[in-house]
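What follows is a set of notes on a single structure, which appears directly below.
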Amino acid sequence: MNGQGAEQAAEIAVEDLTPAQAGAELLRLAAMIGRANTAYHGEDAPDLSDADYDALKRRNAAIEARFPDLKRSDSPTNQIGAAAAEGFGKIPHRVRMLSLENAFDESDIADFGKRIRAFLNLDAEAPLRFTAEPKIDGLSLSLRYEQGALVHAATRGDGEVGENVTANALTIGDIPQRIDNAPEVLEVRGEVYMSHADFAALNDRARENGTKTFANPRNAAAGSLRQLDPDITRARPLRFFAYAWGEYSVPLAETQMGAIGRLADLGFSTNPLTRLCHGEAELLAHYRQIEQQRATLGYDIDGVVYKVDDLGLQQRLGLRATTPRWAIAHKFPAELAWTRLEAIDIQVGRTGALSPVARLTPVTVGGVVVSNATLHNEDYIEGRDNAGQPIREGRDIRVGDWVQVYRAGDVIPKIKDVDLSQRPAGAAPYDFPHTCPECGSQAVREPGDSVRRCSGGLVCPAQAIEKLKHFVGRDAFDIEGLGAKQVEMFFVDDLLPIREPADIFRLAARDRANLAKLKNREGFGDRSAANLFAAIEARRVIPLARLIFALGIRHVGEAAANLLALHYGTWATFEAAMTTAEVGQGAAWDDLLSIDGVGAVLAASVVTAFHQPAERAVIDRLAAELTVEPAIRPDVTGSPVAGLTLVFTGTLEKMTRAEAKARAEALGAKVAGSVSAKTDILIAGPGAGSKAKKAAELGVRTIDEDEWIALVSGA
Ligand code: IVH
């Protein structure tokens, strides 16, 4: 609509606006209100009276209420007003929201069954019941009911803390506001999703109105649920399947199948393809049946979830860092498409890895437009795997090639194959660079490593920036208003540079003249500068696991950071242990390796980071700015073994070593591999040898398996 049209729309009463006029009017109002805000908050004199300003905002809100789908992403209603500006409130999950381990083929499922039986000390052939149900491709939601009333709804977030989307959840027809005959406290969990038909209709409307369309139903569902305005959510038909639970005052049932039945009785939608299966063969048969029905279900699924049916066994199997041992997601095979490889770019990551990225002629793969894909490393491009064996029968990949792209679930698209019959004449083998394209340092490939790495360390701007981006990431410091884009801007800033994490926490303390500059910079007003400083201050207090993860040490992902934090408890202990530890020897090294889930490669990487002077200085400067919260160990009040060091030896008959160890750790004990003066209790089964002897010499209390079970039962 041209300027004159917009002026005409400005005269029209809200009730009489057509969608096209409403869209133009929202644009005009956003611009006017934005200008007024700048004038008011900045140095300029306000150009509107308060009454006129309020009238514009009221008109804007009224149009948005009538045409929720036309609401702009830069809508003035989102930007102003304390609650909206802060986005969603946070809700800590009383029981963590987990993710699932993935399986891709039948051998993964066989391993899953074997691991479970081994953990539970069952026969390899022992019968085991599982449930199998579709894995819905949406986003998970936790609904808390107290005395039968919905009190809040929270997204998964990082699994520990989610976003409060209660008002939006209440607009979803499948979500009851009240449930009868329910336990006093019950958290129902499941998946919010959008059907294919509703997704198509939503995009049709968006195209008519000239607003943004969504790439797939899951993005549409997520975008609709995470709306600050519940009226927008209401206008988007979302659905919900219940399949799990969090906290409860009374258990729902004794089996998974029974619990799903209870959820259905309480009024929730549960998936009609949920089946009880006796053994792995029945799981696979049901998988194939669901796979056949996939295209006609009317909503997206990306696999089948298997869960141990007996909730008592689920309890015994317990959890790893972020996934339960008793469930697995059997994913459908990846989606494929062919396209042209236009170029190969090299990206330098936070650990210096040179990663080749394929730039592709855009192609739709499983509903998503793909224009970039990973090529892994130089061997992969040449047609060899890590062991030097040919892949793709040795066919290499060249710029100009016709290549096959695939996507499996959420992962970055990959190049699977190349069609040599389509190779353009003159296409040359790819020449992988031996110097860093960002800083010119040598790019070195260590023997046994498939990756070539820039040797520039923190001198390399790409590594430094990537480390900072990782540092401010969602699972690390998660500083509101300081994302990847802002990090790039501040990194090259002469007045207020952020070159390392500690700089972030010194930002507000710097020269006031510089602060004035920040406020005048693109994207920063008075308010956003103040908000940024407040967000930074809020993160000066940080949980230990997040800090360890945020350091961006190679091989230390979230799960490993959690393990390290739980083992050492405080930053002081962790730092002291890493300072003392020597790679490959000594008590501190052995202690590090005693952590279940920490291997030599990870351990060496952490120890090296603390011994490399430049990297260590960066860590020290950061730590000086922070207050680190000790790791929250599992609630072990009343545990008879909390804080004790235990050693298991000999054969255990009632539970496996793995289960005994997991149970001891869940109760706050440390499990060591060898007996020393620090050992509090040795649990010795039949066949115990040198360890029992040493314990006797040292006067360490020694008990048998039955005494151990008696000790921890009821705890
Ligand atoms: S069970 C303790 N069942 O998949 C396990 N998850 O990749 C909790 N999902 O975060 C999850 N359908 O959002 C479970 N039938 C299903 C599911 C399902 C979809 C999602 C869920 C979870 C993710 C893990």
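The values are calculated or read from the model by the stated rules, or taken from the named source; none is laboratory data. Predicted, not measured: the structure shown is a model, and the values here were computed from it. Every residue, glycine among them, receives a Cβ derived from its backbone with ideal geometry; neighbour counts consider all protein chains shown.
The set of residues in the range 94-123 that are among the charged types (D, E, K, R) and either within 13 Å of the ligand (Cβ to nearest atom) or more than 24 Å from the chain's Cα centre (by Cα) (or both) comprises Arg96, Glu101, Glu106, Asp111, Lys114, Arg115, Arg117, Asp123.
Residue count for the range 253-302 under the criterion of being among the polar types (S, T, N, Q), surrounded by 20 or more Cβ atoms within 10 Å (Cβ to Cβ) and assigned to a helix (DSSP H, G or I): the result is 1.
Looking at Ala329, is it surrounded by fewer than 21 Cβ atoms within 10 Å (Cβ to Cβ), modelled with pLDDT of 95 or more, hydrophobic (A, V, I, L, M, F, W, C) and within 24 Å of Gly279 (Cβ to Cβ)? Yes; evaluated as a whole, the condition is true for this residue.
Residues that are among the aliphatic types (A, V, I, L, M) and free of Cβ contacts under 8 Å to residues at least 12 places away in the same chain do occur in the range 437-445, at least one of them. Counting only residues that are without any contact (Cβ under 8 Å) to a residue 24 or more places away in the chain, surrounded by fewer than 17 Cβ atoms within 10 Å (Cβ to Cβ) and not in a loop (DSSP other than H, G, I, E, B), the range 383-422 holds 5 of them. Within the set Ala153, Ala132, Ala126, the sole residue that is within 15 Å of the ligand (Cβ to nearest atom), over 22 Å from Asn219 (Cα atoms), touching a Leu at 6+ places or on another chain (Cβ under 9 Å) and at pLDDT 95 or above turns out to be Ala132.
Considering only the range 677-697, I want to know if a residue exists there that is charged (D, E, K, R) and in contact with a helix residue (DSSP H, G or I) (Cβ under 7 Å, 6 or more places away or on another chain). No: zero hits.
Looking only at the range 610-653, residues that are of a type in the set (D, E, K, R) and over 30 Å from Ala695 (Cα atoms) come to 6 in all. Filter the range 237-252 down to the residues that are under 16 Å from Gln314 (Cβ atoms) and either within 12 Å of the ligand (Cβ to nearest atom) or acidic (Asp, Glu) (or both) and list them by number. Hits for the range 237-252 are Tyr243, Ala244, Trp245, Gly246, Glu247. In the condition set (1) hydrophobic (A, V, I, L, M, F, W, C); (2) over 26 Å from Asp105 (Cα atoms); (3) within 22 Å of the chain's Cα centre (by Cα), Ala373 is compliant with all but (2).
For the range 24-61, a residue qualifies if it is small (Gly, Ala, Ser) and either surrounded by fewer than 14 Cβ atoms within 10 Å (Cβ to Cβ) or at pLDDT below 75 (or both), and the qualifying residues are Ala31, Gly34, Ala36, Ala39, Gly42, Ala45, Ser49, Ala51, Ala55. Here is the figure for the range 166-182: residues that are within 16 Å of the ligand (Cβ to nearest atom) and touching a helix residue (DSSP H, G or I) at 6+ places or on another chain (Cβ under 6 Å) total 1.
Is at least one residue of the range 695-702 surrounded by fewer than 19 Cβ atoms within 10 Å (Cβ to Cβ), assigned to a helix (DSSP H, G or I) and of a type in the set (D, E, K, R)? Yes: one or more hits. Scanning the range 89-114 for residues that are modelled with pLDDT of 90 or more and of a type in the set (Gly, Ala, Ser) turns up Ser99, Ala103, Ser107, Ala110, Gly113. For the range 424-536, the helices (runs of 4 or more DSSP H) that sit wholly inside it and include 2 or more residues that are in contact with a Phe, Trp or Tyr (Cβ under 9 Å, 6 or more places away or on another chain), surrounded by 15 or more Cβ atoms within 10 Å (Cβ to Cβ) and at pLDDT below 90 are 512-520.
Among the residues of the range 183-218, those identified as away from the ligand (no atom under 16 Å from the Cβ), of a type in the set (Lys, Arg) and not in a loop (DSSP other than H, G, I, E, B) are Arg205, Arg207.
Of the strands (runs of 3 or more DSSP E) lying entirely inside the range 82-153, those containing at least 1 residues that are among the polar types (S, T, N, Q) and touching a residue at least 24 places away in the same chain (Cβ under 8 Å) span 129-136, 139-146. Scanning the range 73-88 for residues that are at pLDDT 75 or above and among the hydrophobic types (A, V, I, L, M, F, W, C) turns up at least one hit.
Determine, yes or no, whether Thr255 is away from the ligand (no atom under 11 Å from the Cβ), under 27 Å from Arg657 (Cα atoms) and of a type in the set (S, T, N, Q). Considered against the rule, which asks whether it is away from the ligand (no atom under 11 Å from the Cβ), under 27 Å from Arg657 (Cα atoms) and of a type in the set (S, T, N, Q), Thr255 comes out as yes. May I ask you to list pairs of residues, at least six apart or on different chains, whose Cβ atoms are under 7 Å apart, with the first in the range 329-345 being closer than 27 Å to Pro433 by Cβ and the second being acidic (Asp, Glu)? Listed pairs, sorted by first residue: Leu341/Asp401.
For the range 303-323, a tally of residues being within 12 Å of the ligand (Cβ to nearest atom), buried (at least 18 other Cβ atoms within 10 Å of the Cβ) and of a type outside the set (A, V, I, L, M) returns 4. Inside the range 283-320, residues that are without any contact (Cβ under 8 Å) to a residue 24 or more places away in the chain and under 25 Å from Trp245 (Cβ atoms) make up a count of 1. Number of residues in the range 269-285 that are within 13 Å of the ligand (Cβ to nearest atom) and either of a type outside the set (Gly, Ala, Ser) or under 24 Å from Phe112 (Cα atoms) (or both) equals 6.
Residues checked against (1) more than 10 Å from Glu133 (Cβ to Cβ); (2) at pLDDT below 95; (3) among the polar types (S, T, N, Q); (4) touching a Lys or Arg at 6+ places or on another chain (Cβ under 9 Å):
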residue: Leu266; (1), (2), (3), (4): yes, no, no, no
residue: Ser269; (1), (2), (3), (4): yes, no, yes, yes
residue: Thr274; (1), (2), (3), (4): no, no, yes, no
residue: Ala281; (1), (2), (3), (4): yes, no, no, no
residue: Arg288; (1), (2), (3), (4): yes, no, no, no
residue: Thr296; (1), (2), (3), (4): yes, yes, yes, no
residue: Asp302; (1), (2), (3), (4): yes, yes, no, yes
residue: Val308; (1), (2), (3), (4): yes, no, no, yes
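Checking each residue in the range 550-590 for being more than 26 Å from the chain's Cα centre (by Cα) and not in a helix (DSSP H, G or I) picks out Ala581, Glu582, Val583, Gly584, Gln585, Gly586.
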